[in-house]
Amino acid sequence: MWTSTNETAELVGDKSAQPVTEVCLGCICQAISGCKAGLTCEGDTCGLFRITWAYWSDAGKPTLQGYGPDHPDAYRTCVVDPYCAAQTVQGYMRRFGQDCNGDGQVNCYDHMAIHKKGGYGCAGDLPFDYVNVFNQCIAAVAAHQG
């Protein structure tokens, strides 16, 4: 699902731990942007996951091969690339993963909340449309797998 048309993405930091499943990444993508291919930057957010520079930086500044994290184009080239953007989400969740809804687990719902509200304020209400699209996506995947 997460392939890149560019060179292989490199993730600065731990490459082994992937806290977010592909299904969860796909549903976060669907909820945040409709997962429309070719999304570039609009205002302060870029790519399929609508990632800000601060989010990318907090995620460890993953880059595409050939770009160092301090290259002027490192942020934009990464977050508009589906694979590198997904690695950015993984890096952010490694850093900020927490139980947002108080159910005693850190799972896809928490990752969805963290992605929308940030690593310091993921508890509380989320936009209805965002949660609704996310929940429909999770249900559709479960029905397809089940």
### All helices (runs of 4 or more DSSP H) inside the range 36-146 with 1 or more residues being buried (at least 21 other Cβ atoms within 10 Å of the Cβ) and of a type in the set (Asp, Glu)
108-117
### Summary
The residue from Tyr67, Tyr130, Tyr109 that alone is hydroxyl-bearing (Ser, Thr, Tyr) and either in contact (Cβ under 8 Å) with a residue 60 or more places away in the chain or touching a Lys or Arg at 6+ places or on another chain (Cβ under 9 Å) (or both) is Tyr130
#### Entry: Any chance Thr88 is of a type outside the set (Phe, Trp, Tyr), at pLDDT 95 or above and in contact with a His (Cβ under 8 Å, 6 or more places away or on another chain)
no
### Residue check, Arg50 of a type in the set (Lys, Arg) and in contact with a Ser or Thr (Cβ under 6 Å, 6 or more places away or on another chain)
yes
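The values are calculated or read from the model by the stated rules, or taken from the named source; none is laboratory data. Owing to the predicted nature of the structure, the values given are computational and were not obtained by experimental measurement. Ideal geometry is used to build each Cβ from the backbone, glycine not excepted, and the neighbour counts take in all protein chains shown.
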